[in-house]
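Worksheet for the structure shown next.
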Amino acid sequence: MKVHARFSFVLAVCGVVSLFTPATLFAQFTFVGPSGGDFFDVLNWEDGGSANPAAIIDGVTGFIELDLTIGGTGNVAAASIIDFGAGSLSMTSGSVLNTSATMNFNSGSSLSMDGASLTLTGTLAAGELDLGLGSTLSVTGGSFLTAGDDMDLRGATSISDSTLESIGDDIEFKDDLPMTLTNSTFIVPNDPNNSPQVIFFEGISQTVINSNFTGGRISLDTLVTVTATDSVFNMVGDIEDAFSGLTNGTLILAGTSSVVADQVEEGATVILRDSSSLTLIDDNTDTDGEEWITKPSLTDSSVIFESTGASLTLQGGRIAATDDATQIINGLFGDVSYAANPSLFTPNNWNGQDDVTIQITGVPEPSSLVLASILAGSFLASCRSRRKSL
């Protein structure tokens with residue numbers, strides 16, 4: 001009797017759970033339709049036993065709860081919103097998906113691309129790619145991911161050997177987890193007369209390796225530190241926080257990294273290591289003041305040298321006198337500014353206005369300092385000895 005009651009209880013619980021659990025959860029289907037076939041046509045998807053899904057959108061949750069795969073011969077089209085719940089979309093080498101609508105990946109869902117092409121052809125919000133908190137994005141193997149509007153990447157993000165482009169807006173890396181971008185290209189619109197769009201970094205620690213960025217502005221959220229090694233940023237806008245107007249975010253340039261931008265502003269810090277370079281082109285067309293490195297009311301923007309091989313180039317000419325020299329720092333001598341000690345920089349006679357390329361002077365090796373101290377001591381002792389003999 002007890003066993004029967006317990007069994008009945010289990011059945012009852014399972015029945016309750018089934019009311020709230022999508023019937024298709026974790027079901028796996030592969031695209032088998034014709035080239036250009038409709039993403040939402042159930043006949044274009046089959047599981048391993050030639051069965052089709054009952055529906056692409058789950059009737060309980062209103063989301064896609066399937067695990068879908070588009071293989072190398074799959075060329076798929078979608079004309080309405082693709083909205084994943086706990087499902088996934090995997091695109092393998094050679095596969096193509098074109099959609100004129102938004103794509104959303106909610107918590108627990110994932111998008112993976114390996115040598116695939118995904119294009120959101122819609123304009124404005126209709127062409128937006130949105131990966132929410134708790135989602136996963138993996139783009140590898142020479143994939144192309146193109147959106148007509150924003151790419152909001154809030155999930156665990158890994159991108160390598162691929163190209164991401166927003167035709168009409170921003171690419172925003174918003175995940176709080178450490179993120180790595182490797183051997184890839186990122187493009188946003190770069191029209192300087194139409195609010196240049198941004199590459200936005202959020203979170204705490206982000207890593208960029210051997211990658212290229214082209215477009216409008218580099219936006220650094222407060223607290224974020226982006227370390228870019230052997231990478232290139234070719235921007236027409238500022239290094240700033242494009243959304244809050246004030247940041248203490250940091251961009252570290254290492255290896256052979258190079259950045260071209262308009263200004264460093266709103267409290268942002270750029271650190272130059274190894275043989276990296278920063279070129280500021282302040283074009284005198286914006287409203288941020290005629291400075292290469294601006295000075296907000298609460299915190300200074302700054303460029304800090306941590307290597308004698310790094311360089312800062314300032315070009316574009318000045319209209320009015322600036323105090324940029326106070327914000328160019330020799331980090332190897334205890335954070336001493338150009339204004340405080342120009343002899344620690346080369347050239348050492350910059351007037352703060354003319355175009356210039358600045359580096360910092362070398363630091364003596366510890367052994368050299370010891371030797372110099374010994375020689376100086378010997379010389380002083382010799383002098384004292386001579387005075388006594390006289």
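Structure above, values below:
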| item | result |
| --- | --- |
| Test: residue 352 is at pLDDT below 80, at positive phi, surrounded by 10 or more Cβ atoms within 10 Å (Cβ to Cβ) and not charged (D, E, K, R) | no |
| Residue satisfying all of: in the range 292-308; modelled with pLDDT of 60 or more and open to solvent by 40 Å² or more (accessible area, probe 1.4 Å); nearest to residue 273 (Cα to Cα) among these | 306 |
| Residue in the range 158-165 that is touching a strand residue (DSSP E or B) at 6+ places or on another chain (Cβ under 7 Å), farther than 29 Å from residue 100 by Cα and surrounded by fewer than 23 Cβ atoms within 10 Å (Cβ to Cβ) present | no |
| Residue ID - most open to solvent (accessible area, probe 1.4 Å), chosen from residues in the range 323-349 that are part of a loop (DSSP other than H, G, I, E, B) and not small (Gly, Ala, Ser) | 349 |
| In the range 45-76, residue most open to solvent (accessible area, probe 1.4 Å) [restricted to those that are more than 23 Å from residue 126 (Cβ to Cβ) and not in a loop (DSSP other than H, G, I, E, B)] | 46 |
| Leading residue by the ranking (least open to solvent (accessible area, probe 1.4 Å)) among those in the range 233-254 that are over 13 Å from the mean Cα position of the chain (by Cα) and hydroxyl-bearing (Ser, Thr, Tyr) | 247 |
| Selection count where residues are open to solvent by 10 Å² or more (accessible area, probe 1.4 Å) and of a type in the set (A, V, I, L, M), scope the range 179-232 | 5 |
| Evaluation of residue 30 against (1) assigned to a strand (DSSP E or B); (2) closer than 30 Å to residue 172 by Cβ (one fails), failing number | (2) |
| Conditions (1) more than 16 Å from residue 82 (Cα to Cα); (2) buried (at least 21 other Cβ atoms within 10 Å of the Cβ); (3) not β-branched (Val, Ile, Thr): number failed by residue 142 | (2) |
| Of all residues making up the range 238-259, the number that are modelled with pLDDT of 90 or more and within 15 Å of residue 197 (Cα to Cα) | 3 |
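The values are calculated or read from the model by the stated rules, or taken from the named source; none is laboratory data. Computed from a predicted structure; not experimentally measured. Positions of Cβ are backbone-derived with ideal geometry, glycine not excepted, and every protein chain shown enters the neighbour counts. Only protein heavy atoms, including side chains, enter the accessible area calculation; ligands, DNA and RNA are left aside. Shrake-Rupley method; radii C 1.70, N 1.55, O 1.52, S 1.80 Å.
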